[in-house]
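Heads up, the thing below is written out as structure tokens.
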Amino acid sequence: MHSKYDKISGTYLFHRPSLLILDPELACDVLIKRFSSIPNTADPFKRHNDLQYGLIKLKGDHWRFMRNLISPIFSAGKLRTMSPILEQCCSRLIRNIEDKTKNGHSIDIKRMFGDFTMDAVAAIGFGIELDLYTTEENEFIKKAKGIFGAFLGFGVLINAFMPPLYSLLCKLELDIDRQNKYCLYFKHLVEQAKKLREDNKKRNDLLQCLLDAHKETDLSETEQLLEYKINKEQWKKKGLTTEEVNGNSIMFILAGYETTSTVLTFTVYCLATNPEYQDKLISEIDTSIGQDTPDYDNIQKLEYLDCVIKEAMRLYPPAQRAFRETHQEMEISGYRIPQNTEVSVSIFALQRSPKYWEEPEKYNPDRFLANNKSNLTPNAFLPFGLGPRNCVAMRLALMEAKCALVTIFQKYMFVTCDKTEIPVQLDAGALLRPKNEIFLKMEKRKSKVFDH
Ligand code: HEM
């Protein structure tokens, strides 16, 4: 479509018209300047489970209030305090690798990074330590994977294509997408985690940050919304309700699990299939931080690490599109677009377009080096979206991915084997991910740094 229609094209999602943006300047216009709402967000008066109170689902003033409250949770200061939790997740990851690679067999890195990010979501999100590498699937993992499946399932399709039917099914309390079942589990979990904190000992996880912002109120949420519509200043005084704490906790699992694991998987796949860049990365790690434990501060020194991850996200952005919706009829690039039309920016198309990238299909992290920056087209690289509604947890996701990669490359390197699928096949569902397992061998590095 990009080669045929260039900047902008119209599509239909069944009966619903949807505008597709394929141009960086228009992307900036849509994502940064003109829109803040995303489509299919829940009607505030028809919320049927706590997930509907998560940031990603909100609109207007309610979204603005929540975004202001949640953004500081991912500030540099807060992330520094989360570093020790992540350090433990990385130690568990490396112990698992040592165990799995003893016999020299290849390992499925998609599974390995899936386990790692699940461990990190539980530990950083809820302060829960999952015994995930040694036991069979536990309840947390089953439910987290379940809610993810439900999130992308049948109910979501109905919601997207026939919102009135979806609202009706919800009103009838039919748990069409099974979200309620899973939400209930996490609701209990948050309650349990809260009870465990009654010792008044502060934790440094995401749940604690939400609880600190929590304030019980006598008004029901509907009453609050009515009041706040009249007096917007009231938002500033509002704390988080129980539903909002639960909803955002669940949302952290949904948004944080597969995205980060996919980025790690593709980064390592790209490095194994392009070993010259893997060597460059290892050499940077050895000279800049050696065998020091990676944390929020020392990973900032690793420029090439940043480049290898960015280049993997350019070729394989987990979120392929960023979605918005028109609040009123408006003109975009000379076209009249009706109110409530979905407008999406194709992250995938922009990041692989020969118009903006030299040899776009080639993995070449050097293009992101500081001295090559002048060659980059502004807004043609947007794996975390753009503007006020971009990924609120970008820093956390990058810290998690970088600490995991440094921990691994301090000891191991990846090589392809007979079972490695080259080129990798993509499964382009709601999120972009590898279609099949990705098998690679991990070889212990013989480095002077840790031989003595
Ligand atoms: C590498 C991993 C990740 C990628 C590539 C990613 C990508 C994105 C993208 C493209 C958006 C939409 C941006 C837009 O429409 O402009 C988004 C939104 C969001 N992401 Fe992420 N994300 C990642 C990790 C995470 C993590 C770990 C969390 C939570 C712990 C998270 C929470 C969110 C939330 C809450 C939003 C909605 C923000 C809002 O509506 O205000 N993401 N993410």
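Could you say which residue among ILE309, ILE299, ILE282 is modelled with pLDDT of 95 or more, over 21 Å from the mean Cα position of the chain (by Cα) and outside any loop (DSSP other than H, G, I, E, B)?
After applying the criteria, what remains is ILE282.
Within region 396-429, can you find the residues that are within 26 Å of GLY125 (Cα to Cα) and surrounded by fewer than 17 Cβ atoms within 10 Å (Cβ to Cβ)?
GLY429
For ASN436, work out the one condition from (1) of a type outside the set (Lys, Arg); (2) assigned to a loop (DSSP other than H, G, I, E, B); (3) closer than 25 Å to LEU22 by Cα it doesn't fulfil.
(3)
Within the set of pairs 6+ apart or on separate chains, which have a first residue in region 339-360 that is crowded, with 19+ Cβ neighbours inside 10 Å, a second that is part of a helix (DSSP H, G or I) and among the basic types (Lys, Arg), and C-beta atoms under 7 Å apart?
GLN351/ARG314
Please identify the pairs in which a residue from region 63-81 that is more than 21 Å from LYS238 (Cα to Cα) has its Cβ atom under 8 Å from the Cβ atom of a residue that is of a type in the set (Asp, Glu) and away from the ligand (no atom under 12 Å from the Cβ), counting only partners at least 6 apart or on another chain.
ARG80/ASP295; ARG80/ASP297
List the helices (runs of 4 or more DSSP H) inside region 60-136, counting only whole elements, that have at least 2 residues being out of contact with any His (no Cβ under 6 Å at 6 or more places or on another chain) and more than 13 Å from the ligand (Cβ to nearest atom).
Qualifying helices (runs of 4 or more DSSP H): 76-101, 109-120.
Would you confirm, using the coordinates I've provided, whether ILE94 is touching a strand residue (DSSP E or B) at 6+ places or on another chain (Cβ under 9 Å), modelled with pLDDT of 95 or more and open to solvent by 10 Å² or more (accessible area, probe 1.4 Å)?
Against the criterion (touching a strand residue (DSSP E or B) at 6+ places or on another chain (Cβ under 9 Å), modelled with pLDDT of 95 or more and open to solvent by 10 Å² or more (accessible area, probe 1.4 Å)), ILE94 qualifies.
For region 386-403, indicate whether the set of residues that are away from the ligand (no atom under 16 Å from the Cβ) and of a type in the set (D, E, K, R) is non-empty.
Scanning region 386-403 turns up no residue that is away from the ligand (no atom under 16 Å from the Cβ) and of a type in the set (D, E, K, R).
Does region 341-379 hold any residues that are outside any helix (DSSP H, G or I) and hydroxyl-bearing (Ser, Thr, Tyr), and which are they?
Selection gives THR341, SER344, SER346, SER353, TYR356, TYR363, THR377.
Can you pull out every residue in region 311-343 that is within 12 Å of the ligand (Cβ to nearest atom), closer than 15 Å to LEU382 by Cβ and of a type outside the set (A, V, I, L, M)?
Matches in region 311-343: ARG314, TYR316, PRO317, PRO318, GLN320, ARG321, PHE323, ARG324.
Output yes when any residue across region 318-329 is at pLDDT 95 or above and either open to solvent by less than 60 Å² (accessible area, probe 1.4 Å) or polar (S, T, N, Q) (or both), and no when none is.
Checking region 318-329: at least one residue is at pLDDT 95 or above and either open to solvent by less than 60 Å² (accessible area, probe 1.4 Å) or polar (S, T, N, Q) (or both).
For VAL268, are the conditions met, namely being over 15 Å from TYR412 (Cα atoms) and hydrophobic (A, V, I, L, M, F, W, C)?
So VAL268 does not fit the description; no.
So which of ARG389, ARG367 is within 22 Å of PRO318 (Cα to Cα) and under 18 Å from the mean Cα position of the chain (by Cα)?
Testing whether each residue is within 22 Å of PRO318 (Cα to Cα) and under 18 Å from the mean Cα position of the chain (by Cα) leaves just ARG389.
Which pairs do you get when a residue that is without any contact (Cβ under 8 Å) to a residue 24 or more places away in the chain and open to solvent by 30 Å² or more (accessible area, probe 1.4 Å), found in region 367-387, comes within reach of a residue that is more than 15 Å from the ligand (Cβ to nearest atom) and among the charged types (D, E, K, R), reach meaning Cβ atoms under 9 angstrom, with the pair 6+ apart or on two chains?
Within 9 Å, the pairs are ASN372/ASP366; ASN375/GLU358; ASN375/ARG367; LEU376/ARG367.
Can you spot a residue in region 294-307 that is aliphatic (A, V, I, L, M) and open to solvent by 30 Å² or more (accessible area, probe 1.4 Å)?
no
The values are calculated or read from the model by the stated rules, or taken from the named source; none is laboratory data. Please read these numbers as outputs of a predicted model, since none were measured by experiment. Neighbour counts run over all protein chains shown; Cβ positions are idealised from the backbone, glycine included. Areas reflect the complete protein model, heavy atoms only, side chains present, ligands, DNA and RNA absent. Shrake-Rupley method; radii C 1.70, N 1.55, O 1.52, S 1.80 Å.
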